[in-house]
1. Looking at (1) exposed (fewer than 13 other Cβ atoms within 10 Å of the Cβ); (2) at pLDDT 95 or above; (3) over 18 Å from residue 43 (Cα atoms), find the lone condition where residue 123 falls short.
2. Among all residue pairs at least 6 apart or on different chains, which show Cβ distances below 7 Å where the first residue, located in the stretch 186-197, is more than 14 Å from residue 37 (Cβ to Cβ) and of a type in the set (S, T, N, Q) and the second is modelled with pLDDT of 90 or more and assigned to a strand (DSSP E or B)?
3. Output the residues belonging to the stretch 58-77 that are out of contact with any Gly (no Cβ under 9 Å at 6 or more places or on another chain) and part of a loop (DSSP other than H, G, I, E, B).
4. Output the qualifying pairs, or none if there are none: Cβ atoms under 7 angstrom, residues six or more apart or on different chains, first residue in the stretch 100-117 and touching a residue at least 60 places away in the same chain (Cβ under 8 Å), second residue part of a loop (DSSP other than H, G, I, E, B) and surrounded by fewer than 13 Cβ atoms within 10 Å (Cβ to Cβ).
5. Can you tell me which residue among 181, 148, 199 is assigned to a loop (DSSP other than H, G, I, E, B), over 26 Å from residue 89 (Cβ atoms), open to solvent by 30 Å² or more (accessible area, probe 1.4 Å) and β-branched (Val, Ile, Thr)?
6. Considering only the stretch 43-63, state which residues are surrounded by 21 or more Cβ atoms within 10 Å (Cβ to Cβ) and among the polar types (S, T, N, Q).
Amino acid sequence: ASGAQVIDGSLKFNGSSTYLKRTPGSAGNRKTFTWSGWVKRSKLSTWQMLLSAGSSASDRTFIGFVGSDTATYENQVGVVHLASGIVTGAVYLNPKLRDISEFYHIVISADLTNSTANDRVKGYINGVEVDVTVDNAFENADTQFNNTVVHETKKAANSSEYIDGHVTQVYFIDGQALEPTEFGFTDPLTNTWKPKKYTG
């Protein structure tokens with residue numbers, strides 16, 4: 001609309017072969033991190049990656065959506081498991097994110113050094129901590145995030161699972177497990193959750 005706010009760095013992905021990638025020049029903290037972003041989905045009931053890192057199918061970490069339309073964090077490590085060949089540490093945010101007309105603010109806050117299993121990975125939607133299903137969140141596990149491997153907005157080591165939708169205000173914080181108030185605030189006039197610039 002004429003006069004509407006334009007946010008620099010906003011992207012629209014069409015779910016095909018368009019993606020971003022970056023390989024860090026040096027490793028950061030692979031156990032503690034925060035991913036924050038505003039996402040407006042265009043396609044439902046498909047696996048889609050918001051961030052994925054790794055060089056093989058048995059050693060990769062990702063944040064994205066699963067086919068049931070919940071957001072997820074997963075860390076797949078190369079350990080033999082009779083059922084699947086890999087052991088996966090997975091945390092699923094239970095709300096179904098199926099409204100394609102709205103932006104969701106999603107925060108995944110991870111501290112895998114935490115001695116309490118259910119506190120190692122926390123999920124927030126629009127500023128509110130949500131219930132999660134924890135299949136496993138290995139204590140002190142190294143992830144591929146912040147490793148010197150390719151980080152992409154598609155499934156690492158696989159040409160698939162591209163994001164389909166709008167993505168903006170994305171932050172990836174190395175070494176800190178942060179709350180959503182670092183990235184958003186409740187507007188006192190409208191009581192709606194809105195983005196703010198991260199200043200940490």
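1. In the conditions (1) exposed (fewer than 13 other Cβ atoms within 10 Å of the Cβ); (2) at pLDDT 95 or above; (3) over 18 Å from residue 43 (Cα atoms), residue 123 misses (1) alone.
2. 186/193
3. Correct list: 66, 67, 68, 69, 70.
4. Within 7 Å, the pairs are 112/140; 113/140.
5. Criteria check complete, one pass: 199.
6. Correct list: 48, 52, 61.
The values are calculated or read from the model by the stated rules, or taken from the named source; none is laboratory data. As the structure is a computational prediction, the values presented were derived from the model and not from experiment. Positions of Cβ are generated from backbone atoms using ideal geometry, with glycine treated the same way; all protein chains shown enter the neighbour counts. Keep in mind that these areas ignore ligands, DNA and RNA; they rest on the heavy atoms of the full protein, side chains included. Shrake-Rupley method; radii C 1.70, N 1.55, O 1.52, S 1.80 Å.
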